[in-house]
Amino acid sequence: IEGRDIRSCNYGVTLVRFDPLGALVAVCSSSGLIRIFDFDEFQFNERIAVAKGDKRTLASVSSIDTNFDISDLRWSLDPDSPDDIIVSFLYNPQIHVYDISSMYESGSPKIILQTGKDFAGSAGGHLSLCFVTNTKVVAGATSGLLRCWSTSQPSSVAWEMMADPWVHSNTIGK
């Protein structure tokens with residue numbers, strides 16, 4: 001797989017997340033590009049390069065072009081799927097889950113889950129998210145809502161609740 005320098009991330013690096021083992025690192029840009037880097041290989045080669053007096057760059061092993069402004073990314077903590085990442089977007093209400101291990105077969109990670117788009121009050125996207133269990137995903141929306149999806153039924157929201165009522169109630173009585 002063709003490697004790329006970490007400095008080639010378009011529009012600057014906006015988010016960096018290591019996998020639970022610290023071996024892979026996902027680097028996101030505001031242009032919606034996610035690059036996956038093999039940090040273990042970099043550290044190994046860096047020790048050799050430093051001993052020789054050379055400088056090394058961190059080459060990506062794969063990339064994902066989401067075409068959306070990424071607001072958060074998390075690696076799965078599920079031992080059965082440690083190479084899954086979940087991604088939320090600032091201006092798009094969808095949530096995507098990618099299988100990073102599929103890049104070894106096809107050259108690029110496959111999307112394995114995509115939530116539905118049409119939600120009440122879904123003018124914006126989600127600011128943060130997490131895996132609650134290996135089958136549940138929770139995200140905090142720009143509207144102040146918390147939403148939960150089941151990975152077995154990603155097209156519909158399992159539940160949603162107002163997490164920050166102040167967002168909607170601060171104008172009451174004015």
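The values are calculated or read from the model by the stated rules, or taken from the named source; none is laboratory data. For clarity, every value in this text was computed on a predicted model and none was experimentally measured. Reconstructed Cβ throughout: ideal geometry from the backbone, glycine too, with neighbour counts over all protein chains shown. What goes into the accessible areas is simple: the full protein's heavy atoms, side chains included, and nothing from ligands, DNA or RNA. Shrake-Rupley method; radii C 1.70, N 1.55, O 1.52, S 1.80 Å.
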Task: Extension gain (nm, one decimal) between Y104 and L77, 0.36 nm per residue minus Cα-Cα - done: 7.7 nm
- [ ] Compute the FRET efficiency between S156 and N134 as 1/(1 + (r/R0)^6), taking r as their Cβ-Cβ distance and R0 = 22 Å, and round to the nearest 0.05.
- [x] 0.70
Task: Per residue solvent-accessible surface (Å²) - segment 61-145, probe of 1.4 Å - done: 45
TODO: Would you kindly state how much longer the chain becomes between N67 and V13 on full extension, computed as 0.36 nm times their sequence separation minus their alpha carbon distance, in nm to one decimal?
DONE: 17.9 nm
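For Y91 and C148, calculate 0.36 nm times their separation in residues minus their Cα-Cα distance, and state this gained length in nm to one decimal. Don't skip to the answer; put the middle values down first.
On the way: separation 57, 0.36 × 57 = 20.52 nm, distance 1.81 nm.
Separation in residues times 0.36 nm, less the Cα-Cα distance, equals 18.7 nm.
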Open item on the list: I'd like the Karplus ³J(HN,Hα) series for segment 69-77: coefficients 6.51, -1.76, 1.60, θ = phi - 60°, whole numbers in Hz, and an x wherever there's a Gly or Pro.
Closed with: 5, 7, 9, 7, 8, 9, 8, 5, 9
TODO: Provide I111, I70 ordered by accessible surface of protein heavy atoms (probe 1.4 Å), highest first.
DONE: I111, I70
